[in-house]
1. Looking at ILE60, is it in contact with a helix residue (DSSP H, G or I) (Cβ under 6 Å, 6 or more places away or on another chain) and either open to solvent by 20 Å² or more (accessible area, probe 1.4 Å) or within 19 Å of PHE15 (Cα to Cα) (or both)?
2. May I ask you to list the residues in segment 11-52 that are aliphatic (A, V, I, L, M), in a helix (DSSP H, G or I) and open to solvent by 20 Å² or more (accessible area, probe 1.4 Å)?
3. Name the residues in segment 101-129 that are open to solvent by less than 20 Å² (accessible area, probe 1.4 Å) and either free of Cβ contacts under 8 Å to residues at least 40 places away in the same chain or not aliphatic (A, V, I, L, M) (or both), would you?
4. Taking the condition of a type in the set (A, V, I, L, M, F, W, C), out of contact with any strand residue (DSSP E or B) (no Cβ under 8 Å at 6 or more places or on another chain) and surrounded by fewer than 17 Cβ atoms within 10 Å (Cβ to Cβ), does ALA86 pass?
Amino acid sequence: MTSAKSAVEAASYQFLSGHIARAAVYQDVPDNASALNGLVIIGDVASRRIPEKPRSRDRIVTLTIVTLYEAEERAPLLAVMDEIDALDDQTLTFEGWTLAFAFEDDDATLQEDGVTYAGITTFTILALAPD
């Protein structure tokens, strides 16, 4: 039986893999991956019960997506982050789960090396378990 977190991770990966043209999408980043051409990483996934449904498998899930881009300017990173925003207001299904995505926030920063930009995008997902 798939958990809410597993369903969110898998559905997010499938969706982003089909919608991101400017970077590679990973659940687990290979050792030889480079931020030169952009990386999108399915990051932290946390869940909590829905307060009104304490005995239910339904969950509220928080998903963090990490984007790395090595470039002379922030524009390529922001372009990839715009593609990630396509998850906002999407309702996806995975193995019977219904997953309603809502954008929460994002941030784009220059890393200490001076050439890598990092973006963090956070979504909250209402994950409704299969009947």
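The values are calculated or read from the model by the stated rules, or taken from the named source; none is laboratory data. None of these values were measured; they are calculated from a predicted model. When we count neighbours, we look across all protein chains shown, and the Cβ atoms used for this are built from the backbone with ideal geometry, even at glycine. What goes into the accessible areas is simple: the full protein's heavy atoms, side chains included, and nothing from ligands, DNA or RNA. Shrake-Rupley method; radii C 1.70, N 1.55, O 1.52, S 1.80 Å.
1. Details: in contact with a helix residue (DSSP H, G or I) (Cβ under 6 Å, 6 or more places away or on another chain): no; either open to solvent by 20 Å² or more (accessible area, probe 1.4 Å) or within 19 Å of PHE15 (Cα to Cα) (or both): yes.
No.
2. From segment 11-52, those aliphatic (A, V, I, L, M) are 11, 16, 20-21, 23-25, 29, 33, 35-36, 39-42, 45-46, 50; that's our starting set.
Within this subset, residues satisfying the condition of being in a helix (DSSP H, G or I) are 11, 16, 35-36.
Selection gives LEU36 alone.
3. PHE101, THR116, GLY119, THR121, PHE123
4. For ALA86, the condition - of a type in the set (A, V, I, L, M, F, W, C), out of contact with any strand residue (DSSP E or B) (no Cβ under 8 Å at 6 or more places or on another chain) and surrounded by fewer than 17 Cβ atoms within 10 Å (Cβ to Cβ) - is met.
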